[in-house]
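Each remark here refers to the structure printed beneath this line.
Only the coordinates and a few stated rules stand behind these numbers; no lab work does. None of the values given here were measured: they were computed from a predicted structure. Please note: Cβ atoms are built from the backbone with ideal geometry, for glycine as well, and neighbour counts cover all protein chains shown.
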Amino acid sequence: MSDNGTFVAEVRDVPGGEAINECIQCGTCTGSCPNAKYMDYAPRKVIYMIKAGMKEEVLSCNTMWYCATCYLCTARCPRDVKPTGIMNALASLSVRHKLTNKKTLTPIFYKAFVDVIRNNGRAHEGGMMMKAYMRIFWKKLKSNPIKAFGMISLVKMLPFAFSLLKRGRMPLKAKKIKDRDGFKAIIAKAQSLGGA
Ligand code: SF4
Ligand code: SF4
């Protein structure tokens with residue numbers, strides 16, 4: 001029977017999710033996952049929920065954002081389902097459907113990372129942290145201003161930042177690649193193909 005148009009088909013069509021229908025619900029992935037206890041739904045359960053069509057519950061949960069990409073589940077899965085790839089597919093779909101989990105800050109860091117890469121053609125930790133923390137600040141300011149000003153406690157990280165700066169490990173100025181327009185075109189193409 002065709003599963004076209006279902007949530008499981010949508011996951012299967014995103015790179016990483018191709019083998020989802022091979023899952024036999026043995027639970028080896030959950031038993032192997034070091035972060036399962038922090039996830040709203042552990043890997044085996046999240047695959048069950050995808051097959052059950054629970055799109056909104058799955059895409060708004062924290063599971064994929066708590067995946068540490070350690071690949072233990074993928075290495076041990078007896079059916080070669082590649083649950084790590086499914087986690088990546090879910091992260092992508094949750095951004096695409098604007099359902100990202102509200103409690104975790106990981107999507108904000110991912111977005112800041114992609115923005116910095118798009119602008120410079122390579123990573124720049126200082127720029128990424130500035131972008132991410134500014135977005136977290138505005139997000140908190142809108143929902144709970146007291147929590148936003150609680151971020152002042154981050155000043156305790158300044159000595160660490162200065163020591164990275166002094167050792168040249170976190171330069172203030174980003175190094176840029178030569179053909180940034182070409183690189184931006186690659187990112188735009190990836191996004192047009194469904195990348196988040
Ligand atoms: S280990 Fe593989 S087959 Fe077993 S529940 Fe996890 S994904 Fe499914
Ligand atoms: S790759 Fe992610 S889901 Fe798989 S075991 Fe590691 S943390 Fe858990």
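Just the isolated ones, please: cysteines in the chain lacking another cysteine beta carbon under 4.7 angstrom. Here C23, C26, C33, C61, C67, C70, C77 come out as lacking a disulfide-compatible partner, given the Cβ-Cβ threshold of under 4.7 Å. Its Cα gyration tensor gives the range 1-92 an equivalent ellipsoid, and the semi-axes of that ellipsoid, as √(5λ) in whole Å with the largest first, are 19, 15, 11.
Work out how much length E18 to I187 would gain on full extension: take 0.36 nm times their residue separation and subtract the Cα-Cα distance, in nm to one decimal.
On the way: separation 169, 0.36 × 169 = 60.84 nm, distance 2.23 nm.
Contour length minus the Cα-Cα distance gives 58.6 nm.
Measure nothing fancy, just the Cα-based angle from helix 125-143's long axis to the longest principal axis of the chain, in degrees from 0 to 90, nearest 10. The helix 125-143 is inclined about 80 degrees to the chain.
Take the Cα radius of gyration of the range 106-192 and divide it by 2.2 N^0.38 Å, with N its residue count; two decimals is plenty. Spell out each step's value before the answer.
On the way: Rg = 15.3 Å, N = 87, 2.2 N^0.38 = 12.0 Å.
Here the Cα radius of gyration is 1.28 times the empirical estimate.
How large is the translational diffusion coefficient of the chain in µm² per second when you combine the Kirkwood radius over alpha carbon pairs with Stokes-Einstein at 37 °C and 0.692 mPa s? Walk me through the intermediate numbers first.
Values: Rh = 18.8 Å.
Approximately 175 µm²/s, per Stokes-Einstein.
Of I152, I186, the sequence from fewest to most neighbouring Cβ atoms within 10 angstrom is I152, I186.
The range 83-106 and the range 35-67 have Cα centres lying 10 Å from one another.
How high is the FRET efficiency from R79 to Y48, r the C-beta distance, R0 22 Å, rounded to 0.05? Using R0 = 22 Å, I get an efficiency of 0.95.
Residue order for D40, D3, fewest other beta carbons within 10 angstrom first, comes to D3, D40.
Spin-label point model (7 Å from Cα, Cβ direction): what's the R118 to Y71 distance in nm? In this crude label model, R118 to Y71 measures out at 2.9 nm.
Derived scalar couplings between HN and Hα for the range 48-65 equal 4, 5, 4, 5, 7, x, 8, 4, 5, 4, 6, 6, 9, 7, 8, 3, 5, 7 Hz in order, rounded to whole Hz, by the Karplus curve 6.51 cos²θ - 1.76 cosθ + 1.60 (θ = phi - 60°), x for Gly and Pro. Here's the list of lysines a cross-link from K175 could span, going by alpha-carbon distance under 18 Å and ignoring same-chain residues fewer than 8 apart: K131, K166, K184. Here the spin labels are modelled as points 7 Å beyond Cα on the Cα-Cβ line, and at K102 and T6 they lie 3.1 nm apart.
With the contact rule set at Cα under 8 Å and sequence spacing of 6 or more, what percent relative contact order holds for the chain? Mind showing how you got there, number by number?
Values: 219 pairs, mean separation 37.4, N = 196.
Relative CO of the chain lands at 19 percent.
Simple point charges give the picture: +1 on the Cβ of Lys and Arg, -1 on the Cβ of Asp and Glu, and for the chain a dipole about the Cα centre of about 1180 debye.
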